Protein chains: 2
Amino acid sequence: MSTPRPIVTIDDPDDPRLADFRALIDADVRPDRRGIVIAEGVNVVDRLLRSPYRARAILGVPGKLAALAPTLTAAPDVAVYEVDKWLLSDVVGFRVTRGVLASADRPAPVSPASVVGGGGRFVVLEGLNDFENLGSLFRNAAAFGLNGVLLDRRCADPLYRRSVRVSMGHVFSMPFAVLDDPWPQSMSVFAEADVPVLAMTPRAAAGSVFEADVRASWAVLLGAEGPGLSEQALAAASEWRRIPMSDGVDSLNVATAGAVAFAALSVGRVFGEPNAG
Amino acid sequence: MSTPRPIVTIDDPDDPRLADFRALIDADVRPDRRGIVIAEGVNVVDRLLRSPYRARAILGVPGKLAALAPTLTAAPDVAVYEVDKWLLSDVVGFRVTRGVLASADRPAPVSPASVVGGGGRFVVLEGLNDFENLGSLFRNAAAFGLNGVLLDRRCADPLYRRSVRVSMGHVFSMPFAVLDDPWPQSMSVFAEADVPVLAMTPRAAAGSVFEADVRASWAVLLGAEGPGLSEQALAAASEWRRIPMSDGVDSLNVATAGAVAFAALSVGRVFGEPNAG
């Protein structure tokens, strides 16, 4: 095992080595402008360092860097900067409660076919522009062992800081790709891979997701809370499925609906054995 | 149908009739000090007005009050104050994006036995001190038609403003009660009502929640994210159940785990028919 880089202590807020982390509130609303992904907190940074993403730098207070020590040893090429909590918040531009951040290069986008081509279990999102719901969906997709997330062009960026955080860092290990316009025609990638698309909708014409056929491959199609799926997306789906719920209640949060659907389609199929732990 | 009170326009931020809504950030961290419950947004205020809660006053901008007009007609005793959006934010102490608030009296607490005594389907929460997770759990409990929520003394207040908002106002219609200390002995109310308590835990000794016996009555027991359930609570449960998930992934968000468990225990049992809509 290589020796990790020594940790560099910085006490000048204008130090140019802090550039990746400067004024995050302003800079990272459009991360595509900079191509830099930010991870926050020990667990998320740890997951970044164990992922295929190329980490650039880590910035944190001593206690949090100590908590990351085992992972840092395995990532010898990453610059590690130690600062006190005041300097950290000063540089970042808001109070950093999690005590450590990492920056990483944004990887090149991959094609939907490369994600979906081999079949498996997927979620497809239409118009999901809420960063936190998007992050939660990645977390839930990881929890149920999905093979990838597909997004239409109107979805938010899963690599935006808040999505990364809410995903608990699972965006770094869960394959994802953007389905280009024209949407929903671009969902044809699923038909080509023989993966049926199950649109989640409360409509009465939809059968219960708990009564769907047992299949090795499927894609759950979800729309944003409120508007739900467009007519075009519903028409392009292989079938419609609903979560059996009480009448008169708003639908579930979209990420929660995803979790229930993933569970329903996995029951007694994929996860036969208890988890360890 | 009675005529609703006329809407009163207020343009003085110091008007004493605005007392319920003043400086909410400071005042409502401990709503038990004031006994006033705050609802935010058209949908949540609407749900409050249709609930058994006694509304005190409504404060909003003209457009949002107009959206509530049908419900206001049915609630003629409630004072309605119209302000512009600047005054609204000025009084409340933060920028009110939802444009309308309502205040209501906090109802007298009810006993656990009065909620649980007749049997049914429940969720029991241990140490859940996150307002948003708590609100989400109420929303999910309502979605799956549960009969009540039981809280240990360390749980957050479901009637705190942020819980109310995240619950989408379902706290107003979902019965809940606090299980006193000594906890978890106070869970004996379930045994007395012949309601088995299913503790959700990732432990290998737990069977899948999807393989639990079909029952008309059950209570799902959930702990806070991170610590999970205490040994004492686990020992007091009737049985242990897990959600089948991938290894190496943090457990689901507690409210999401609740939704999956409620769905699993309801499949093909309670909700045989599709929803309308």
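Note on chain B: with neighbouring protein chains present and a 1.4 Å probe, carbon and sulfur make up 50 percent of its accessible heavy-atom surface. Within the stretch B:132-277, antiparallel bridges make up roughly 10 percent of the DSSP beta bridges whose residues both belong there. Label sites at A:VAL8 and A:ALA23, each approximated as a point 7 angstrom past Cα along Cα to Cβ, lie 2.2 nm apart. Shortest first, A:ALA23 label-point distances to identical copies amount to 3.5 nm, with the label point at 7 Å from Cα along Cα→Cβ.
What does the extension gain come out to for B:ARG106 and B:ARG153, with contour length at 0.36 nm per residue minus their alpha carbon separation?
Numbers: separation 47, 0.36 × 47 = 16.92 nm, distance 1.76 nm.
Computed gain between B:ARG106 and B:ARG153 is 15.2 nm.
Here's the list of lysines a cross-link from B:LYS64 could span, going by alpha-carbon distance under 24 Å and ignoring same-chain residues fewer than 8 apart: B:LYS85.
Rounded, prolate or oblate: which one fits the stretch A:8-105, using the alpha carbon gyration tensor with axes a ≥ b ≥ c (rounded when a/c is under 1.5, else prolate when a/b beats b/c, else oblate)? Taking the square roots of the gyration eigenvalues as a ≥ b ≥ c, the stretch A:8-105 is oblate.
Taking amide H atoms as placed 1.01 Å from N in the peptide plane, the amide H of B:PHE122 lies under 5 Å from those of B:ASN147, B:TRP218, B:ALA219, B:VAL220, each 5 or more residues away in sequence or on another chain.
Extending 7 Å from the Cα toward the beta-carbon at both B:ASP247 and A:ASN43 defines two label points whose distance is 1.9 nm. Heavy-atom accessible area buried between chains A and B is around 3300 Å² (1.4 Å probe, both sides summed). Using θ = phi - 60° in the Karplus curve 6.51 cos²θ - 1.76 cosθ + 1.60, the 3J(HN,Hα) couplings for the stretch B:191-202 round to 4, 4, 9, 6, 10, x, 9, 9, 7, 8, 8, x Hz; x is entered for Gly and Pro. Residues of the stretch A:211-245 with backbone nitrogen within less than 18 Å of a virtual label 7 Å along the Cα-to-Cβ line of A:ASP180, please, listed as ranges. It comes to no residues whatsoever. Computed from backbone phi, the HN-Hα couplings of the stretch B:226-235 come to x, x, x, 7, 6, 4, 5, 5, 4, 5 Hz, rounded to whole numbers (Karplus: 6.51 cos²θ - 1.76 cosθ + 1.60, θ = phi - 60°; Gly and Pro given as x). Could you tell me what percent of the DSSP beta bridges with both partners in chain B are antiparallel, to the nearest 5? Around 30 percent antiparallel, to the nearest 5. Packing order of peptides B:126-132, B:145-151, highest average first: B:145-151, B:126-132 (average count of other Cβ atoms within 10 Å over each peptide's residues).
Remark: mean inter-chain Cβ contacts per residue of B:138-148 equal 4, using a 10 Å Cβ-Cβ cutoff to other protein chain atoms.
I need to check one value: relative contact order of the stretch B:187-242, counting alpha carbon pairs closer than 8 Å and at least 6 residues apart, in percent. Could the numbers behind the result be given before it?
On the way: 73 pairs, mean separation 29.8, N = 56.
Reported as a whole number, the value is 53 percent.
Taking every C-alpha pair closer than 8 Å and separated by at least 6 residues, the mean separation divided by the residue count of chain B gives a relative contact order of 19 percent. Sorted shortest first, the distances from the A:PRO182 label point to those of the same residue in the other copies are 7.1 nm; each point sits 7 Å from Cα along Cα-to-Cβ. Put a plus charge on the Cβ of each Lys and Arg, a minus charge on the Cβ of each Asp and Glu, and nothing anywhere else: the dipole of chain A about its Cα centre is then about 440 debye. Taking a ≥ b ≥ c as the square roots of the eigenvalues of the alpha carbon gyration tensor, the stretch B:49-163 is prolate, as a/c is not under 1.5 and a/b beats b/c.
Label separation (B:ALA216 vs B:ARG50): 2.8 nm, computed from points 7 Å beyond Cα along the C-beta direction. The 3J(HN,Hα) values that the Karplus relation (6.51, -1.76, 1.60; θ = phi - 60°) gives for the stretch A:133-140 are, in residue order, 4, 5, x, 4, 5, 4, 4, 5 Hz. Gly and Pro appear as x.
Report the relative contact order of the stretch A:8-105, percent, no decimals, based on alpha-carbon pairs under 8 angstrom and at least 6 residues apart. Reported relative contact order: 46 percent. For chain A, the solvent-accessible area with a 1.4 angstrom probe is 42 square angstrom per residue. What separates the A:ARG106 label point from its copies, with the point 7 Å along Cα to Cβ, is 4.7 nm, written shortest first. Rounded to the nearest 10 square angstrom, A:ASP14 shows an accessible area of 110 square angstrom against a 1.4 Å probe.
How many angstrom lie between the C-alpha centres of the stretch A:212-229 and the stretch A:240-267? Using only Cα atoms, the two centres lie 9 Å from each other.
Taking a ≥ b ≥ c as the square roots of the eigenvalues of the Cα gyration tensor of the stretch A:112-266, is the shape rounded (a/c under 1.5), prolate (a/b larger than b/c) or oblate? Walk me through the numbers on the way to the answer.
Working: a/c = 1.33, a/b = 1.12, b/c = 1.19.
Because its axes are fairly even, with a/c under 1.5, the stretch A:112-266 counts as rounded.
The values are calculated or read from the model by the stated rules, or taken from the named source; none is laboratory data. Bear in mind the structure is a predicted one, so any value in this text is a computation, not a measurement. Note that each Cβ is placed from the backbone with ideal geometry, even for glycine, and that neighbours are counted across all protein chains shown. Note: accessible area is taken over every heavy atom of the protein model, side chains too, but ligands, DNA and RNA are not part of it. Shrake-Rupley method; radii C 1.70, N 1.55, O 1.52, S 1.80 Å.
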